[in-house]
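Undergrad: Right, I'll just put the structure down here and ask away after.
The values are calculated or read from the model by the stated rules, or taken from the named source; none is laboratory data. Nothing here was measured: the structure is a model prediction, and the numbers come from that model. Cβ placement follows ideal geometry from the backbone for every residue including glycine, while neighbour counts extend to all protein chains displayed. When the accessible area is computed, the model is the full protein with side chains, heavy atoms only, and any ligands, DNA or RNA have been set aside. Shrake-Rupley method; radii C 1.70, N 1.55, O 1.52, S 1.80 Å.
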Amino acid sequence: MNCDLKEVCKDIRCDIMTCIGHLGVGHIGGCLSVVEVLAALYFEEMNIDPKQPKMAGRDRFVCSKGHAGPAVYATLANRGYFDKKELLTLNQGGTNLPSHCDMNRTTGIDMTTGSLGQGFSCAVGVALGSKLENDGATIYALIGDGESQEGQIWEAAMFASSKKLDNLIAFTDYNKMQIDGTVAEVNDIAPLTDKWAAFGWNVIDVKDGNDVDEVLAACKKAKTNRGSGKPTMVILNTRKGCGVKWIEELGVSNHNTNVTAEQAEAAIREIRGEA
């Protein structure tokens with residue numbers, strides 16, 4: 001698409017604030033940290049068509065980091081999968097936008113996720129199926145750094161490598177925080193680059209995972225690894241709560257926090273540069 005990705009990121013962030021502010025509470029920190037990768041994929045890299053959400057051979061995205069569901073919804077709405085008005089129904093009775101992504105309820109969602117670690121296994125399975133079908137698709141997955149403490153992540157990583165799934169590109173939202181503290185304090189996953197390399201993956205390290213130009217360049221580089229026989233992990237060094245100062249300053253407390261309508265409105269002005 002011919003669009004300004006930095007403006008797209010602002011639109012997505014504003015819509016995240018709107019829907020969580022309307023609900024009054026949500027996983028705001030980890031939603032704001034992944035905006036750039038979602039914008040780069042859905043508006044530039046992925047072979048998709050919002051008018052044909054089940055199009056054969058399309059690229060697929062799996063949000064294994066389930067807490068980031070609202071960020072995915074905001075992205076899908078901006079990409080034209082459904083009306084933005086639906087964002088105001090987030091996590092409410094009868095909604096098509098539950099807290100965690102559900103492929104049976106939300107247009108544009110390719111895989112149901114929730115329990116941490118399981119979505120990544122599903123993404124590996126989708127990549128294997130795509131290989132067997134020879135449909136030419138690229139399968140993308142997003143995992144969290146706290147989620148990376150799950151053994152299931154590493155079982156899936158080993159399987160993907162052994163099956164030479166070079167049609168799989170995954171991203172780690174390495175914002176260094178999780179619900180109970182910093183990742184280093186709870187169960188350190190460093191050195192992350194070395195771990196993924198040891199599991200037989202191509203690894204790309206993005207110094208600023210909230211710089212959409214850097215993220216887009218990494219996405220394009222990852223696609224050149226097709227044919228290498230290796231899946232690719234892109235490690236995004238991000239900031240939890242990126243884009244809204246008071247949310248960033250909450251630190252680990254921004255994992256799931258209350259957001260008033262007034263705070264959401266102020267955050268939107270800050271994101272737009274109007275504060």
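Undergrad: Would you mind checking the range 1-20 for residues with the amide N under 14 Å from a putative spin-label position 7 Å along Cα→C-beta of K220?
TA: Residues 1-3, 5 qualify, since their backbone N sits under 14 Å from the label point.
Undergrad: Once the piece of chain linking D205 and M1 is laid out straight, how much longer is it, given 0.36 nm per residue of separation minus the C-alpha distance between them?
TA: 70.9 nm
Undergrad: Taking a quarter of the surface of the Cα convex hull of the range 199-275, what do you get in nm²?
TA: 6.9 nm²
Undergrad: Considering the range 1-93, what Rg and Dmax in Å follow from its alpha-carbon atoms?
TA: When restricted to Cα atoms, the range 1-93 yields Rg and Dmax of 12.8, 38 Å.
Undergrad: Using the Cα centre of the chain as origin and beta-carbon charges of +1 (Lys, Arg) and -1 (Asp, Glu), tell me which of Q118, G227, V215 is placed farthest towards the positive end of the dipole.
TA: The residue sitting farthest along the positive end of the dipole is G227.
Undergrad: Please give the Cα centre distance for the range 7-69 versus the range 240-275, rounded to the nearest Å.
TA: The two parts, judged by their Cα centres, are 17 Å apart.
Undergrad: For the range 58-150, what's the radius of gyration and Dmax over Cα atoms, in angstrom?
TA: 13.5, 40
Undergrad: Note down the net charge around G94, summing +1 for each Lys or Arg and -1 for each Asp or Glu among other residues with Cβ under 15 Å from its Cβ.
TA: That works out to 0.
Undergrad: Then there's this: Which of rounded, prolate, oblate describes the range 120-266, given a ≥ b ≥ c as roots of the alpha-carbon gyration tensor eigenvalues and a/c under 1.5 marking rounded, otherwise prolate only if a/b is larger than b/c?
TA: Taking the square roots of the gyration eigenvalues as a ≥ b ≥ c, the range 120-266 is prolate.
Undergrad: Using r as the Cβ-Cβ distance of S253 and K54, and R0 as 51 Å, what FRET efficiency do you calculate, to the nearest 0.05?
TA: FRET efficiency, S253 to K54: 0.80.
Undergrad: Also, quick follow-up: Using a 1.4 angstrom probe, figure out how much accessible area the range 27-180 has per residue, in square angstrom, rounded to the nearest whole.
TA: For the range 27-180, the solvent-accessible area averages 36 Å² per residue.
Undergrad: Between L132 and Q152, what is the FRET efficiency for a Förster distance of 35 Å, r being their Cβ-Cβ separation, to the nearest 0.05?
TA: So, using R0 = 35 Å, E works out to roughly 0.95.
Undergrad: Identify all lysines with a Cα-Cα distance to K54 below 23 Å; exclude those on the same chain that are fewer than 8 residues away in sequence.
TA: Within the straight-line cut-off, K54 pairs with K65, K84, K85, K131, K223.
Undergrad: Ok, one more. Kindly sort Y81, Y140 by accessible area of their heavy atoms, largest first, with the probe set to 1.4 Å.
TA: The ordering from most to least exposed comes out as Y81, Y140.
Undergrad: Please report the carbon-and-sulfur percent of the accessible area for the chain; probe 1.4 Å, protein heavy atoms only, DNA, RNA and ligands left out.
TA: Reported share for carbon and sulfur atoms: 48 percent.
Undergrad: Per residue of the chain, what 222 nm ellipticity follows from adding -39500 (n - 2.57) for every DSSP H run with n ≥ 4, rounded to the nearest 500?
TA: -11500 deg cm²/dmol
Undergrad: Continuing with the same structure: Taking only the C-alpha atoms, wrap a convex hull around the range 139-201 and report its volume per residue in Å³ as a whole number.
TA: 75 Å³
Undergrad: To continue, here is another question. Within the range 225-248, name every residue whose backbone N is under 17 Å away from a label modeled 7 Å from Cα of K195 along the Cβ vector.
TA: 232-238
Undergrad: Also, I was wondering about something else. Out of the DSSP beta bridges found with both residues in the chain, what percent are antiparallel (nearest 5)?
TA: So the antiparallel bridges amount to about 15 percent of the total.
Undergrad: If I histogram all Cα-Cα distances within the chain using bins 5 Å wide from 0, what percent of pairs lands in each bin?
TA: The percentages, shortest bin first, are 1, 6, 14, 19, 20, 18, 12, 7, 3, 1, 0.
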